[in-house]
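Comments concern the structure below.
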Amino acid sequence: MIDVETELAFAGAEAAHAALSAHAKSHDIPPEIDRAGHLAFSFQGNRLEFLTVPGRMRIRLSAVSRNTLYFLKEAVVHHLEDADPEAARNLRWPGDGNADSRRTPPNFRLLTVLDRSRPVDGMTRLSLSGEDLGPLTRDGIHVKLMLPADRSRSPVWPGVAANGATRWPKGPDRLHVRYFTLLGLEPEAGRVAIDFADHPGGQISDWARAARPGDRIGIMGPGGGLPPGTDRPLILMGDETALPALVRILEALPARAEGCVIAPLRPADAGYLPASPLETLLLGPEGFAASAAARFAEALDARPGARVWVGAEHGLVLEARRIAAALPPGQKEIGTYWRRGRPGDATRDDHEDHDD
């Protein structure tokens, strides 16, 4: 474990503490401790703790890796910004005295294209090489991919602000950023694969369809998307952008797992998904959007105690959340992977979405 602690003096510490607690509850993030002066969260072996007295807040982080520690620091900054922007700007972490915009984040890497293929219709697969890929096998299955928003410009990569948050290039150097799922990770060989759903007009998916050996792209991560637990039957559903995540989840399932997976594949492309003990419902790419919500509701009716996982376009996600509204937060993970008609860049709002 990596333990870091810092202390911040500011007049609004108690109000910020209350705002952090309210924000967590509004996003179905249950605190482990939530009482006057003490707020704590534990997840996936990591811990985040706020200890507050009038005019002062102590923040303690415990992380399983440097990558997760960086995410925790950034999360503290962003949530503190919402409550007290000046306090967020003044935040400092021990050992980060040299943090500045010229140093890339510790979880940033450059990947180089080796080759391009088409695993199924509507999907481009890039095989990429890079250094120090071992950490990509931990902490999650997604990474942020980034390219200059203006492709005629040389890339200016992210830096690190003095308070520990990522400093994103702005103006003409702005980056277009999206989450994608890692596949076929071979850290010893320095290779990884990433699949890109064809979204004409999506900047990164367009880049992937035209990518040639030697082309480079920046990544940060990994994070998020760890396979759901299997103490209950599972209902998994994803549109074309979530197919790589479904692959990673199915690969990690034990033989005793039960449930079903709902995917937009034709029967001829069923082999894209690895063999698993789950029932597989292939709706086809043409009929998926129209029928997925109804099939999801049927699956949940048949398995009312199931744990559900959904990754899809925002409209289907809203439907899935409505259908699964009665499930407790610990039994569902339903996330937006993209929004129709909405481009992405390096703003915070865009980081909630995944593939182009």
(message) I'd like the distance separating the alpha-carbon centroids of segment 314-332 and segment 197-218, in whole Å.
(response) 32 Å
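Assign unit charges at the C-beta atoms only (+1 for Lys and Arg, -1 for Asp and Glu), then state the dipole size of the chain relative to its Cα centre in Debye, rounded to the nearest 20. Spell out each step's value before the answer.
Working: 42 positive and 48 negative charges, 90 e Å.
Here the size comes out at about 440 debye.
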(request) Could you give the spread of the C-alpha atoms of segment 173-316 along their three principal axes, from largest to smallest, in whole angstroms? (result) 49, 36, 31
(request) Have a look at L39, L110, A75 and report the one farthest towards the positive end of the charge dipole of segment 23-127, computed about the Cα centre with Cβ charges (Lys/Arg +1, Asp/Glu -1). (result) L110
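From largest to smallest, what semi-axes in whole angstrom does segment 258-329 give when each is the square root of 5 times an eigenvalue of its alpha carbon gyration tensor?
Working: eigenvalues 85, 48, 19 Å².
Ellipsoid semi-axes (Å, largest first): 21, 15, 10.
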(request) Evaluate 2.2 N^0.38 Å with N set to the residue count of the chain, then give the Cα radius of gyration divided by it. (result) 1.02
(request) Could you tell me how many degrees, from 0 to 90 and to the nearest 10, lie between the Cα long axis of helix 288-302 and the main elongation axis, the longest principal axis, of the Cα atoms of the chain? (result) 80 degrees
(request) Please state, as a whole number in µm²/s, the translational diffusion coefficient that the Stokes-Einstein equation yields for segment 1-112 at 4 °C and 1.567 mPa s, with Rh defined as the Kirkwood radius across alpha carbon pairs. (result) 88 µm²/s
(request) Find how much the distance from R340 to H314 grows on full extension, using 0.36 nm per residue of separation minus their present alpha carbon separation; answer in nm with one decimal. (result) 8.6 nm
(message) If the only charges are +1 at each Lys and Arg Cβ and -1 at each Asp and Glu Cβ, what is the size of the charge dipole of segment 18-114 around the Cα centre, to the nearest 20 debye?
(response) 380 debye
(message) For I33, I204, give me the order by solvent-accessible area with a 1.4 Å probe, most accessible first, ignoring ligands, DNA and RNA.
(response) I33, I204
(message) In Å², and per residue, what accessible area does segment 1-48 have when probed at 1.4 Å with the other protein chains present?
(response) 57 Å²
(message) Between helix 314-323 and the chain, what is the angle of the helix's C-alpha long axis to the longest principal axis, kept within 0 to 90° and rounded to the nearest 10?
(response) 90 degrees
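Tell me, what is a quarter of the convex hull surface for the C-alpha atoms of segment 115-171, in nm² with one decimal?
Values: hull surface 26.6 nm².
Mean projected area for segment 115-171: 6.7 nm², to one decimal.
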(request) Express the relative contact order of the chain as a whole percentage, based on alpha carbon pairs under 8 Å and six or more residues apart in sequence. (result) 14 percent
(message) How much length would be gained if the chain were fully extended between D198 and A18, taking 0.36 nm per residue of separation minus their Cα-Cα distance, in nm to one decimal?
(response) 60.4 nm
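Would you rank I249, I323 by solvent-accessible area, highest first, keeping every protein chain in place and using a 1.4 Å probe?
Values: I249 0, I323 40 Å².
The ranking, largest first, comes out as I323, I249.
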(request) Leaving ligands, DNA and RNA out of it, work out the accessible area of H79 with a 1.4 Å probe and give it in Å² to the nearest 10. (result) 70 Å²
(request) Rounded to whole Å and sorted largest first, list the principal axis extents of the Cα atoms in segment 83-216. (result) 50, 34, 28
(request) Percent of Cα-Cα pairs per 5 Å bin, from 0 to the last occupied bin, for segment 78-146, please list those. (result) 3, 10, 13, 16, 17, 15, 8, 7, 7, 4, 0
(message) Quick check: at a probe of 1.4 Å, how many percent of the accessible area of segment 133-213 sits on carbon and sulfur atoms?
(response) 49 percent
(request) With just the Cα atoms of segment 39-87, tell me how far they stretch along each of the three principal axes, in Å, largest first. (result) 30, 19, 13
(request) Please work out the average accessible area per residue across segment 56-144, using the 1.4 Å probe convention, and give it in Å². (result) 45 Å²
(request) Using a cut-off of under 18 Å, list every residue of segment 165-193 whose amide N is near the label point 7 Å from the Cα of L110 along the Cα-to-beta-carbon line. (result) 169, 173-176, 190-192
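The values are calculated or read from the model by the stated rules, or taken from the named source; none is laboratory data. Values in this document were obtained by computation on a predicted structure and should not be read as measured data. Because the Cβ atoms are built from the backbone with ideal geometry, glycine has one as well, and the counts that use them run over all protein chains shown. When the accessible area is computed, the model is the full protein with side chains, heavy atoms only, and any ligands, DNA or RNA have been set aside. Shrake-Rupley method; radii C 1.70, N 1.55, O 1.52, S 1.80 Å.
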